[in-house]
Amino acid sequence: MESSEDDGGEPLSRLAEWRDVTPLPQDDGPNPVAPIAYKEEFRETMDYFRAIYKADERSPRALRLTRRAIHLNPGNYTVWHFRRLVLEALNSDLDEELDFIQRIANSNSKNYQLWHHRRWVVERLGTNARVKELHLIKSILSLDAKNYHAWSHRQWVLQALGGWEDELDYCQQLLEEDIFNNSAWNQRYFVVTRSPLLGGLTAMRASEVRYTVEAILANPNNECPWRYLRGLYKDDIESLVNNHEISSVCLKVINTKSDYIFALKMLLDLVCYGLQPCQEFRDAVVALWTSDSRPLDPDLATAICGILEHVDSMRASYWIWRKNKLPVAA
Amino acid sequence: MESLTSPTVTQRDQILVEQQVFNIFNTFFNMPPSSQSFMLELQRENHVDYLTNGLKHLAPSFCVLDANRPWICYWILHSIALMDEFVDPELEDNTIDFLSRCQDPNGGYGGGPGQLPHLATTYAAVNSLVTLGGDKALSSINREKLYSFMRQMKDASGGFRMHDGGEIDVRACYTAISVASLLNILDDELVQNVGNYVLSCQTYEGGISGEPGSEAHGGYTFCGLATMILINEVDRLDLSSLIDWVVFRQGVEGGFQGRTNKLVDGCYSFWQGGIFALLKRLNSSKGERSIPVGDGEDSEPESPQTTASSDATEEEGLNMDLSQGGSHSEKGDQQETSSRVTVDNIDHNSSKGRAKVEPLFNSLALQQYILLCSQDLNGGLRDKPGKSRDHYHTCYCLSGLSVCQRSWSEDEDSPPLPRAVLGPYSNLLEPIHPLHNVVLDRYQEAHEFFTRS
């Protein structure tokens, strides 16, 4: 195995293996700007890397050198790129490569290069890598359940290699741990809309609506399920408006008179999309208005905008804008 | 109905940040007025010192940014330009020389001398040179080679790869299209299908993700929206849901979060705040209400509401040469190309009120967050209280601040009203061109230069 510790950080100039290579200094010019006070080990490693890269030497020692350079700066995409060329030329063991990437990921999991490299390796390993890969991403997400790169990679693995069977359960588990985790909601949407095993959005809609409504009632101030609910009706607004479950969850939340901003917002959207609200809705909205000084507009949508402008003052200008965009009552 | 269980990770993290931020606000509101005005003052001198030092020397800890040096140049130079300050001529010369060493003989700029050309560092290098301005800086860019580099990065999907064999995402699309537009080398080949790619990244939430299927994110939403405007296809996006998503990213702290239920971060002052600057320009031309909102239009995102208003661009003038994307590389006829962005879509939802330029976000709350929570009084700006300053956050907090200060102005050339600028009026920064995030007059100079040559 290509051990990382084999040269123990000893200066390359002292190693017999590198005696034939002349290090190539960086062409920084006489007066570089944003000049970094490189550590000696960094400068030397990169000088040797430049020499090897220029000579296009795709050798085992070149592979070891890229490993050293990546440890010093995992953001150097040129080094990663060259490493791929060397891996290919040497026909290297890519399972070992995954272990290497894993160690880098443990200390630096938010780096484009690393994840891109991982995708390249897994692509070559094919379906055999799937189980291990999905497991590994889980371990990274267990430390940070919103790691953007990890989620993108996970979606890519599912699409390229499969493994959808347990994914909805996994989303479920993450949402049980933290129902406010929007990345898990997003993944749920991804699974529901794209899994080849679930029959697509239309087949899943009813059960997803039930799940989402429950989540809303438990935490009406959680934006995620509200947006998810809208997402379930993307490209099918008519069904959204016609589903009584949705208007009634709005009503339930509004009637509690607390944490009702998203419920009001959903009701506003429904009305804009053509919902004909019954008196019950009007009464619930009117009951939120406590100001004596200003009467509430008789038009429901206008009234909702007026309340939101007041209670969601961070977005007051948005609600005024929405109010001004409302169709003029016929 | 409140959940009685212990707070989740998201709730706990959020509570901690809110406590810190509200402590700062409470302290501030209990101060005598003289201290308050000091707290709200942009510490220009300290910021410029901090930034200028970065151009001259970076500590060994910056080794991890060794593949991002053009970015460091851009973050610093743009921040300095926002404060209407300059670097001395020698440093300017050195910067041009250094960036030339990052330019690949076959086109594009790498993260340092001898590194592979990369679209993001190309964007950073070009924006740096545009920010420096002058013939020497602008003519140092090899546009022909850069164009062929971009063609090589173009993927069959319509998107772009960041570098040879690199990742494809919305960032790559934006950096490619922004640079090509700025340098007047944008043509049909570069534009082809890029709109499809960006469109496939708009999520059910309304924002835009880095890749199809991923989560809506402030940085990618800015990049995607700017790209669509530059290629003249913005009306293909569902703008009403995009707006609805972005207004909700402004939190109780006044600053923006990058994603739903994530923490506030000063850099989103630009990535999210800048979205409003882009929208404002779409919305303000000819006083037409142009952005459809919550009224069923969503179901037909491609309905042909594209009333071309051929003089929309004149109204915008050079400030926002939206037509540049549409004109592609046919030099000299930018002004003729009509802008399709005046999406006249008011049929059944005619407005009750007339459009006054009123920001759709809370500009003063954001300025308050930037000045009180992101500003390090010793120089530099940061993500949030408790974090350290860095050049990246300095750049994007200041860019966001500039956007805020002009969020009521229809016309970037006239100074904003005092009430638009939180703190002393001397906090006023230079206006930016929001599509490229360079200072407006530097954009204008570059635009003229590259239209001529």
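The values are calculated or read from the model by the stated rules, or taken from the named source; none is laboratory data. Keep in mind it's a predicted model, so treat the numbers as computed, not measured. We place every Cβ from the backbone using ideal geometry, glycine too, and count neighbours over all the protein chains shown. We work out accessible area using only protein heavy atoms, side chains counted, and drop any ligands, DNA or RNA first. Shrake-Rupley method; radii C 1.70, N 1.55, O 1.52, S 1.80 Å.
Which whole number gives the average, over all residues in B:109-115, of C-beta atoms from other chains lying within 10 Å of the residue C-beta?
Values: counts 0, 2, 5, 9, 7, 11, 8.
Partner-chain Cβ atoms within 10 Å, mean over residues of B:109-115: 6.
Suppose each label sits 7 Å from its Cα in the direction of the beta carbon; what would the B:Ser35-B:Asp88 distance come out to in nanometres?
3.9 nm
Go ahead and collect, in residue order, the members of region A:11-49 whose backbone nitrogen is under 20 Å from a label point 7 Å along the Cα-Cβ direction of B:Lys136.
Correct set: A:28-35.
Enumerate the whole-percent occupancy of each 5 Å bin, from 0 to the last occupied one, for all C-alpha pair distances of region B:1-113.
Percent of pairs per bin, in order: 2, 9, 13, 13, 11, 11, 12, 9, 9, 7, 3, 2, 1, 0.
Where does each of A:69-79, B:15-25 land if you order them by average Cβ count within 10 Å, highest first?
Going from most to least packed, we get A:69-79, B:15-25.
How long are the three semi-axes of the equivalent ellipsoid for region B:153-281, computed from the Cα gyration tensor as the root of 5 times each eigenvalue, in whole Å, largest first?
Ellipsoid semi-axes (Å, largest first): 25, 15, 13.
So how compact is region B:50-200: Cα radius of gyration and Dmax in angstrom?
For region B:50-200, the Cα-based Rg and Dmax read 15.4, 46 Å.
So how far, in whole Å, is the C-alpha centre of region A:75-140 from the one of region B:371-411?
36 Å
Go through region B:82-95 residue by residue and turn each phi into a ³J(HN,Hα) via Karplus (6.51, -1.76, 1.60, θ = phi - 60°); whole Hz please, and just put x for glycine and proline.
4, 8, 6, 10, 10, 8, 5, x, 5, 5, 5, 4, 4, 5
Can you list the HN-Hα couplings for region B:267-273, worked out from phi with the Karplus curve (6.51, -1.76, 1.60; θ = phi - 60°), rounded to whole Hz and with x for Gly and Pro?
Per residue, the Karplus-derived 3J(HN,Hα) values read 5, 6, 4, 8, 4, 8, x Hz.
If you average over every viewing direction, what projected area does the convex hull of the Cα atoms of region A:187-330 give, in nm²?
9.2 nm²
No solvent, one uniform scatterer per C-alpha: report log10 I(q)/I(0) for region A:34-157 via the Debye equation at q = 0.20 1/Å, two decimals.
Each listed q corresponds, in turn, to -1.13.
Would you mind giving the mean number of other chain beta-carbons within 10 Å of the Cβ of each residue in B:202-208, as a whole number? If you can, show how the numbers build up before the last one.
Details: counts 0, 6, 14, 11, 3, 1, 0.
Mean partner-chain Cβ count within 10 Å for B:202-208: 5.
Students often forget the sequence filter, so: which lysines lie under 18 Å Cα-Cα from B:Lys387 once same-chain residues fewer than 8 apart are removed?
A:Lys110, B:Lys262
Diagonalise the Cα gyration tensor of the protein assembly as shown and give the resulting equivalent ellipsoid semi-axes, square root of 5 times each eigenvalue, largest first, whole Å.
Semi-axes, largest first: 43, 32, 26 Å.
List the residues of region B:149-169 whose accessible area drops by at least 40 Å² when all protein chains are present, compared with their chain alone, using a 1.4 Å probe and counting only protein heavy atoms.
B:His163, B:Glu167
Considering Cα pairs under 8 angstrom that are at least six residues apart, work out the relative contact order of chain A and quote it in whole percent.
It comes to 8 percent, rounded to a whole number.
For region B:182-289, what is the relative contact order in percent, using Cα pairs closer than 8 Å and at least 6 residues apart in sequence?
Computed value for region B:182-289: 21 percent relative contact order.
Please list, in chain and number order, the residues 5+ apart from B:Leu381 or on another chain whose amide H is under 5 Å from its amide H, with Hs placed from the backbone.
Amide H to amide H, under 5 Å and 5 or more residues apart or across chains, B:Leu381 pairs with B:Asp376, B:Asp390, B:Thr394.
Residue by residue through region A:201-217, which ³J(HN,Hα) values in whole Hz follow from phi under the Karplus form 6.51 cos²θ - 1.76 cosθ + 1.60 (θ = phi - 60°), with glycine and proline marked x?
In residue order, the calculated couplings are 4, 4, 5, 8, 4, 4, 5, 5, 4, 4, 4, 5, 4, 4, 4, 5, 5 Hz.
On full extension of the chain, what length is gained from A:Arg282 through A:Asp299, given 0.36 nm per residue of separation minus the C-alpha to C-alpha distance?
That pair, A:Arg282 and A:Asp299, stretches by 5.2 nm at full extension.
If packing is taken as the mean number of other Cβ atoms within 10 Å per residue, what is the order of A:146-153, B:408-415, A:274-281, highest first? Mind showing how you got there, number by number?
On the way: A:146-153: 22.0, B:408-415: 15.2, A:274-281: 13.6.
Peptide ranking by packing, descending: A:146-153, B:408-415, A:274-281.
Given the options A:Leu264, A:Leu15, A:Leu251, state which has the largest fluctuation in a GNM of chain A using a 10 Å cut-off (strictly under) for Cα springs.
Maximum fluctuation in the GNM of chain A, among the listed residues, is at A:Leu15.
Enumerate the amide H contacts of B:Arg161 below 5 Å, restricted to partners 5 or more residues apart or on another chain; note that Pro and chain-start residues carry no placed amide H.
Here B:Lys154, B:Asp155 satisfy the definition.
Under Stokes-Einstein, with the Kirkwood radius over Cα pairs standing in for Rh, what whole-number D in µm²/s applies to region B:223-263 at 10 °C and 1.306 mPa s?
The diffusion coefficient I find is 139 µm²/s.
By average Cβ neighbour count within 10 Å, what is the ranking of A:299-309, B:241-251, A:197-207 from highest down?
B:241-251, A:299-309, A:197-207
Could you pull the Cα extents of chain A along its three principal axes, largest to smallest, in whole Å?
88, 51, 32
At 0.36 nm per residue, and after removing the present C-alpha to C-alpha distance, how many nm does the segment from B:Glu358 to B:Thr5 gain when stretched out fully? It would help to have the intermediate numbers written out before the result.
On the way: separation 353, 0.36 × 353 = 127.08 nm, distance 4.15 nm.
Residue separation times 0.36 nm, minus the Cα-Cα distance, leaves 122.9 nm.
Can you work out D for region A:170-258 in µm² s⁻¹ from Stokes-Einstein, where Rh is the Kirkwood radius over C-alpha pairs, the temperature is 37 °C and the viscosity is 0.692 mPa s?
Rounded, D is 244 µm²/s.
Out of A:Ala184, A:Gly163, A:Ser139, whose Cα points farthest toward the positive end of the dipole of region A:127-236 (charges: +1 Lys, Arg; -1 Asp, Glu; placed on Cβ)?
Looking along the dipole axis, the top candidate is A:Gly163.
By what distance, in whole Å, do the Cα atoms of region A:256-296 stretch along each of the three principal axes, largest value first?
Principal axes ranked by extent give 31, 20, 16 Å for the Cα atoms.
Please list the non-local residues whose amide H lies under 5 Å from the amide H of B:Val438, H modeled 1.01 Å from N, same-chain partners needing a gap of 5 or more.
B:His433
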